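Q: Take a look at the following structure, please.
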Amino acid sequence: MSAAAFLEARDFLFTHRTDYDTAYRDFRWPVLDRFNWALDYFDRMAHGNDRPALWIVDQGMGDKGGGEAKLSFAEMAERSSRVANYLRGLGVSRGDRILLMLGNVVPLWEVMLAAMKLGAVTIPASTLLTRDDLIDRFERGRARHVVTSPDNAGKFADIPGGYTRIATGSAPGWHDYADAAKAPARFAPDGETLATDPLLLYFTSGTTAKPKLVLHSHQSYPVGSLSTMYWIGLQPGDIHLNISSPGWAKHAWSCFFTPWDAEACVFMLNQKRFNATNLLDALARYQVTTFCAPPTVWRMLIQENLKAWTVALRELVGAGEPLNPEIIEQVRSAWGLVIRDGYGQTETTLQIANFPGQTVKPGAMGKPAPGYRVRLIDPDGAEQDEAEVSLALDPPPLGLMQGYQGDDGAVLPVAGAAYRTGDVALRDADGYFTYVGRADDVFKAADYRISPFELESALIEHVAVAEAAVVPSPDPLRLAVPKAFVALAGNHIPNRDTALEIFRHVRATLAPFKRIRRLEFAELPKTISGKIRRVELRAAEAERRAAGARVEAEFWEEDFPELR
């Protein structure tokens, strides 16, 4: 019955794919009791289904050709059952934590499905993790088993513990994942799975503090991803490409649950080094129909002549950080398609977005997703038109996490009247939300509230600016003034002339109280997932101003008589 309820909710969203008002008003999350998405939905949908489910293309370097793997739904169901039997034979049991550290290779998807079938909990991990990161996964995440590649097996050499070691190739002292192919093709679970049983344990990227441990259930991501499916506009038979690295929540969003919820094909393009031209070639050659990429990738794509590629794309979306209006307009001009921004967190599935059929307001991240009731709540709990994005919890949306796991292993459930995201947004008279910034990043300058994102959007419109981060710079008269840390694009030189050009640009673009008053050319500190650590820049700037120090690549507005 649970699978039927899930399909009914999914099919309702298919029916109203471009009718947001009806979808939002009438959608109801399915009420689930016992539910295992891999067994109750995926295996049944995949039975005898020869349509492509997973398609991975590896691009070679130089004259070296790449490889390609293309597997049907039926093949993925059988292969994952073999892997589940194999893992059970190695001692993996219900509730065990499996640290999964692989790139975009077929075993990643097989193990995700297999762990689900077993009732084990997967800890997705980036291949970029350091020794300290891995120790944290073992200590706080309580990992008991590891699946990784031979080239990453060495990272575990001095990490103690009696955990099971499995490598997707030959590695001394490790079980060989290839033996999974010899396991039985039929899998019988050792019991029923509750929809509320734990499924995934994510470590957040840690933009402001130590990574939090986010626990998701067998319903929160698999079924909660229906909101993400609706945003992307996926349909059965689509070929969907999402630019995301394994180990982070967005990979589960758009490279696993969401496409397969829609019975669409997951398409992955592996590049040794990102190349915008090769990506555009692949979009055209493989007839990709739906495409998601973070703003960083979109900024690189619009440097190319997009009109030179004839694509089969129907839906374009962006996530990870807010999209800048300039990017949306350039893509629309080239392809006649509008990139639709979306907002969510590791703790949730998609919360707010521009949906198919809706009018997109440049700069706005859209309206609440079906199944989510979004409130803007100030520190005192009052609702405002500009405040912290919060989710009503009466009842909570199905896509919300079970809670944060503490260092002691206990899970602190989400409680109270609302879940607070930590992000500030502005709601207009039409109900559209516009991202302002992290609550910790928004600051006051001369008594005006400043949104770093708004200023950063203006900065990156300048041809010399690749990336920017705006933080408060302490000032004795104005409390603080906006300072931009800028990473330059291409061959632009970090000198006085470039700084003057950028100052002139923001003067022509921003209101006087929002202008960048100080600028520094620098490499931006980032988390392992690629998000800018503004907290680090804020601290460094406060320390520098307290000491009265300036660096060679730093420029202040008053340094330029030309601007007076």
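The values are calculated or read from the model by the stated rules, or taken from the named source; none is laboratory data. Predicted model, so just to flag it, every value in this text is computed and none were measured. Cβ sites come from the backbone with ideal geometry, for glycine too, and all protein chains shown count toward neighbours. Areas reflect the complete protein model, heavy atoms only, side chains present, ligands, DNA and RNA absent. Shrake-Rupley method; radii C 1.70, N 1.55, O 1.52, S 1.80 Å.
Q: Determine whether Thr310 is part of a loop (DSSP other than H, G, I, E, B), open to solvent by 40 Å² or more (accessible area, probe 1.4 Å) and either modelled with pLDDT of 95 or more or of a type outside the set (D, E, K, R) (or both).
A: Yes, satisfied.
Q: A follow-up question, please. Taking Asp136 as meeting all but one of (1) acidic (Asp, Glu); (2) touching a strand residue (DSSP E or B) at 6+ places or on another chain (Cβ under 8 Å); (3) closer than 26 Å to Val223 by Cβ, write down the number of the exception.
A: Single failed check for Asp136: (3).
Q: While we're on this one: Looking only at residues in region 517-542 that are at pLDDT below 90 and open to solvent by less than 30 Å² (accessible area, probe 1.4 Å), which one is farthest from Arg478 (Cα to Cα)?
A: Among residues in region 517-542 that are at pLDDT below 90 and open to solvent by less than 30 Å² (accessible area, probe 1.4 Å), the one farthest from Arg478 (Cα to Cα) is Thr527.
Q: How many of the residues in region 216-237 are more than 19 Å from Asp40 (Cβ to Cβ) and either among the hydroxyl-bearing types (Ser, Thr, Tyr) or open to solvent by 10 Å² or more (accessible area, probe 1.4 Å) (or both)? Steps first, answer last, please.
A: Taking region 216-237 as the starting set, the residues that turn out to be more than 19 Å from Asp40 (Cβ to Cβ) are 227-228, 230-235, 237.
If we keep only those that are either among the hydroxyl-bearing types (Ser, Thr, Tyr) or open to solvent by 10 Å² or more (accessible area, probe 1.4 Å) (or both) too, we end up with 227-228, 230, 235, 237.
Looking only at that region, the number is 5.
Q: Condition test on Arg545, is it touching a helix residue (DSSP H, G or I) at 6+ places or on another chain (Cβ under 6 Å), closer than 15 Å to Ala484 by Cα, surrounded by 14 or more Cβ atoms within 10 Å (Cβ to Cβ) and at pLDDT 90 or above?
A: On the way: touching a helix residue (DSSP H, G or I) at 6+ places or on another chain (Cβ under 6 Å): no; closer than 15 Å to Ala484 by Cα: yes; surrounded by 14 or more Cβ atoms within 10 Å (Cβ to Cβ): yes; at pLDDT 90 or above: yes.
Criteria not met by Arg545.
Q: Test Lys514 against the stated conditions and say whether it is touching a Gly at 6+ places or on another chain (Cβ under 9 Å) and either at pLDDT 90 or above or among the basic types (Lys, Arg) (or both).
A: no
Q: Another one. With respect to Arg165, determine if the residue is at negative phi, open to solvent by 50 Å² or more (accessible area, probe 1.4 Å) and in a loop (DSSP other than H, G, I, E, B). It would help to see each step written out before you state the result.
A: Values: at negative phi: yes; open to solvent by 50 Å² or more (accessible area, probe 1.4 Å): yes; in a loop (DSSP other than H, G, I, E, B): no.
Here the answer is no, as Arg165 does not meet what is asked.
Q: Going through region 114-152 one residue at a time, which ones are in contact with a Lys or Arg (Cβ under 7 Å, 6 or more places away or on another chain), part of a helix (DSSP H, G or I) and open to solvent by 10 Å² or more (accessible area, probe 1.4 Å)? Full working, then the answer.
A: The initial filter retains those residues of region 114-152 that are in contact with a Lys or Arg (Cβ under 7 Å, 6 or more places away or on another chain), namely 118-121, 123, 125, 131, 134, 141-144, 146.
Now drop any that are not part of a helix (DSSP H, G or I), which leaves 118, 131, 134.
Across region 114-152, the qualifying residue is only Arg131.
Q: Please tell me if His505 is touching a Ser or Thr at 6+ places or on another chain (Cβ under 7 Å), at negative phi and open to solvent by 30 Å² or more (accessible area, probe 1.4 Å). Reasoning before the result, please.
A: Working: touching a Ser or Thr at 6+ places or on another chain (Cβ under 7 Å): no; at negative phi: yes; open to solvent by 30 Å² or more (accessible area, probe 1.4 Å): yes.
The answer is no for His505.
Q: Another question, then. When you check Gly409 against the structure, is it in a loop (DSSP other than H, G, I, E, B) and buried (at least 20 other Cβ atoms within 10 Å of the Cβ), yes or no? Show your work before the answer.
A: Details: in a loop (DSSP other than H, G, I, E, B): yes; buried (at least 20 other Cβ atoms within 10 Å of the Cβ): no.
So Gly409 does not fit the description; no.
Q: Check whether at least one residue in region 263-271 is over 30 Å from Pro211 (Cα atoms), touching a Phe, Trp or Tyr at 6+ places or on another chain (Cβ under 9 Å) and open to solvent by 10 Å² or more (accessible area, probe 1.4 Å), and report yes or no.
A: Looking only at region 263-271, we keep the residues that are over 30 Å from Pro211 (Cα atoms), and these are 263-265.
Now restrict to residues that are touching a Phe, Trp or Tyr at 6+ places or on another chain (Cβ under 9 Å): 263, 265.
Imposing the further condition that a residue be open to solvent by 10 Å² or more (accessible area, probe 1.4 Å) reduces the set to 263.
Scanning region 263-271, I find at least one residue that is over 30 Å from Pro211 (Cα atoms), touching a Phe, Trp or Tyr at 6+ places or on another chain (Cβ under 9 Å) and open to solvent by 10 Å² or more (accessible area, probe 1.4 Å), so the answer is yes.
Q: Sticking with this structure for a sec: (1) over 26 Å from Lys526 (Cβ atoms); (2) in contact with a strand residue (DSSP E or B) (Cβ under 7 Å, 6 or more places away or on another chain): which one isn't true of Leu477, the others all being true?
A: Every condition holds for Leu477 apart from (2).
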